[in-house]
Amino acid sequence: MKKLVMDSFRAVFNKTDPKRRINTFEIYGYDFMFDDDFRIYLIEVNTNPCLELGCPLLARLIPNMVENALRLTVDPVFPLPENWSQKKCVVNDLCHDNKYELRFDEKVDGAKLNELMKEKNNIICKPCFCF
């Protein structure tokens, strides 16, 4: 699943946020399925995933995911005051370390992908006089 997520980001690297705006983030929803032999398949990626808390598992996972996303994206821009303590958290279950794992880093992978795209475009754009 992790490899499929990383591959999906690589596939649309130059299409998502082409202006490379700073201080923005987006939450994606990934739908997977597995077959009788437990092979994993990526069904779709949603840019507007459902955040409905329709069952006990989702009621626990979704708020934690949103909290982690905000901690990674908003907190560095607007840090908490120095006198703030973790005891002031409204929901104690949300006061935990980040559970995200970096799967794609534009600063690391982006240059390689841009170079590959240039090579691919050079191959495709060359005129072919095959008859």
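Taking other residues whose beta carbon is less than 15 angstrom from the beta carbon of M33, and scoring Lys, Arg as +1 and Asp, Glu as -1, yields -4. Across the stretch 67-83, computed HN-Hα scalar couplings (Karplus, 6.51 cos²θ - 1.76 cosθ + 1.60, θ = phi - 60°) run 4, 5, 4, 5, 5, 6, 10, 8, 4, x, 7, 10, x, 5, x, 4, 7 Hz from first to last residue, x flagging Gly and Pro.
Working from Cα pairs under 8 Å separated by at least six residues, relative contact order for the stretch 1-71 is 24 percent.
Near F9, once Lys and Arg are set to +1 and Asp and Glu to -1 for all other residues with Cβ below 12 Å from its Cβ, the sum equals -1.
Readers should treat all values here as calculations from the given coordinates under stated rules, not as data from a laboratory. Quick caveat: nothing in here was measured; it's all calculated off a predicted structure. Positions of Cβ are generated from backbone atoms using ideal geometry, with glycine treated the same way; all protein chains shown enter the neighbour counts.
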